[in-house]
Amino acid sequence: MQEIEYQKSKLKTNLELLKSRQKENKLLTSVVNDYIQYESKLREKEELLKSQQEAYELKMKFIADYIEDLMQTNDLTESGLNKVSYEHSKILKMIDTIKNKIKTI
């Protein structure tokens with residue numbers, strides 16, 4: 001993620017530099033417009049990724065809740081309960097990973 005932040009920062013710096021030089025050289029107008037469109041597309045992709053990650057997080061929470069309910073309401077063998085508990089903890093870890101990814105977007 002650090003590389004993405006670095007590239008976004010670099011893009012923003014270059015855009016500002018081009019905008020300032022555009023005043024002196026009108027031929028840079030198309031380059032500035034291309035940069036602006038590229039930046040806009042990057043933001044759209046980030047928003048799409050974020051919404052997909054949030055949807056995935058909701059689904060994983062639903063599964064985790066279902067497993068928790070399964071553990072509490074059903075008579076499972078010790079082996080079955082261990083497997084369900086293990087899967088439940090894996091899902092909770094996945095949810096935490098997704099939350100962290102969403103925060104960095």
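We did not get these values from a lab; they are worked out from the coordinates using the rules stated. All values derive from a computational prediction rather than experimental measurement. Please note: Cβ atoms are built from the backbone with ideal geometry, for glycine as well, and neighbour counts cover all protein chains shown.
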Quiz item: For region 1-19 and region 48-105, what is the separation of their C-alpha centers, rounded to whole Å?
Solution: 36
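Mind giving me the FRET efficiency for M94 and E44? R0 is 22 Å, r the Cβ-Cβ distance, nearest 0.05 is fine.
Numbers: r = 26 Å, r/R0 = 1.18.
Approximately 0.25, to the nearest 0.05.
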Quiz item: Taking K23 as the anchor, which lysines have their alpha carbon closer than 21 Å to its alpha carbon, excluding any fewer than eight residues away along the same chain?
Solution: K10, K12
Self-check item: Local net charge near V32, Cβ-Cβ under 12 Å (Lys/Arg +1, Asp/Glu -1)
Solution: +1
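So what is Rg over Rh here for the chain, counting just Cα atoms and using Kirkwood for Rh?
That ratio is 1.34, to two decimals.
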Quiz item: Loop-only check: which GluC sites (Glu not before Pro) in region 7-67 are DSSP coil with at most 14 other Cβ within 10 angstrom?
Solution: E24
Quiz prompt | Residue-averaged 222 nm ellipticity for the chain, from DSSP H runs of 4+ at -39500 (n - 2.57), nearest 500 | solution = -32000 deg cm²/dmol
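Give me the number: length gained by fully extending K10 to Y66, i.e. 0.36 nm times residue separation minus the C-alpha to C-alpha distance, one decimal in nm.
That pair, K10 and Y66, stretches by 15.7 nm at full extension.
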Quiz item: Along the charge dipole of the chain, Cβ charges K/R +1 and D/E -1, which of Y56, N82, V31 sits furthest on the positive end?
Solution: V31
Self-check item: Acute angle (nearest 10 degrees) that the helix 78-104 long axis makes with the longest principal axis of the chain, alpha-carbon atoms
Solution: 20
Self-check item: Table column - 3J(HN,Hα) (Hz), region 12-23, Karplus curve with 6.51, -1.76, 1.60, x for Gly and Pro
Solution: 5, 4, 5, 5, 5, 4, 5, 4, 5, 6, 4, 4
